[in-house]
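Every number in this text was worked out from the coordinates using simple rules, so none of it is lab data. Values in this document were obtained by computation on a predicted structure and should not be read as measured data. Here the Cβ positions follow ideal geometry from the backbone for every residue, glycine too, while neighbour counts run over all protein chains shown.
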């Protein structure tokens, strides 16, 4: 994190989820407290970063607190629902009239399964806390970011995963986070290919697909916890995609074709980002070119990223 008197910069890594189980009910009843809603599952932070820059100017009108929000230079304001929610959640704690500017710049594409909304939510709340010396704890920072995602249906467990660092399993849903780390070799490459967006909100609002995700996610979690290593992670993530039938239900023909070709290679395996028209492949250095050769066959529509697992704990670095 970089800060000055009226500006702060917060960096939070992107994250890829391999599988997840939606948890929005308890004993058959809808959970009403958004901090208790979330997901169980597993994923990993990556070397791509979401940078949030927050600055402000003081205003003369008493109690006026307004905010403008930009994502990758595009002015969105209230349409940046998660960040706007965070600002409104804490603006009464700011003790002077201000015009706040929040700028998100993401290394990886938004809406494509790289946890940009979670990165932005954490960057926004932590940046506001530091810039205005808000009377909230670091524990509350994570809680507010998690609630913002849940309420706006932009994510369920991304914030807890990002706070967990590296590759981790979310053993319970909601906040406070209950995560367990999985060791990953430092030589592991994460090669990603992106063909477009999937709106997380549309998936979480689809009752049929949500029920498939709950069932398949629960099974995947049990199988990973029985053998918690990165090779089993990719195996159960692939099985999750098959069991939900999301490739067929969402008509993701190109993603299905891409995964078929990648999984014929002698890599550690490839699966689909949750949720986005994106794939990730684990491989060592000697197989990078083989992976890239397959991804390149989808040019010019595909975006390709060469990444690593980010092992840093966020709250130690922001």
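For region 183-307, calculate the relative contact order in percent as a whole number, restricting contacts to Cα pairs under 8 Å that are 6 or more residues apart. Can you show the working numbers first?
On the way: 162 pairs, mean separation 52.7, N = 125.
Relative contact order of region 183-307: 42 percent.
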For residue 26 and residue 251, calculate 0.36 nm times their separation in residues minus their Cα-Cα distance, and state this gained length in nm to one decimal.
77.8 nm
Alpha carbon centre of region 160-218 versus region 248-277: separation in Å?
16 Å
Descending principal axes extents, region 138-261, alpha-carbon based, whole Å
43, 36, 26
If every alpha-carbon in region 209-289 counts as one equal scatterer, what log10 I(q)/I(0) does Debye give at q = 0.10, 0.11, 0.19 1/Å?
-0.24, -0.29, -0.84
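Compute the length gained on full extension between residue 260 and residue 74: take 0.36 nm times their separation in residues and subtract their Cα-Cα distance, giving the result in nm to one decimal.
Details: separation 186, 0.36 × 186 = 66.96 nm, distance 3.59 nm.
So the chain would gain 63.4 nm between residue 260 and residue 74.
Could you work out the equivalent-ellipsoid semi-axes for the chain, taking the square root of 5 times each eigenvalue of the Cα gyration tensor, largest first, in whole Å? Let's see the in-between values first.
On the way: eigenvalues 220, 92, 63 Å².
Listed largest to smallest, the semi-axes of the chain are 33, 21, 18 Å.
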So how do 260-273, 23-36, 149-162 stack up, highest first, on mean other-Cβ count within 10 Å?
149-162, 260-273, 23-36
What angle do you read, to the nearest 10 degrees and between 0 and 90, between the alpha-carbon axis of helix 116-132 and the longest principal axis of the chain?
30 degrees
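Against the globular-protein guess of 2.2 N^0.38 Å, express the Cα radius of gyration of region 2-180 as a ratio, rounded to two decimals.
Ratio of Rg to 2.2 N^0.38 Å for region 2-180: 1.01.
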Once you keep just the Cα pairs under 8 angstrom separated by 6 or more residues, what percentage relative contact order results for the chain?
24 percent
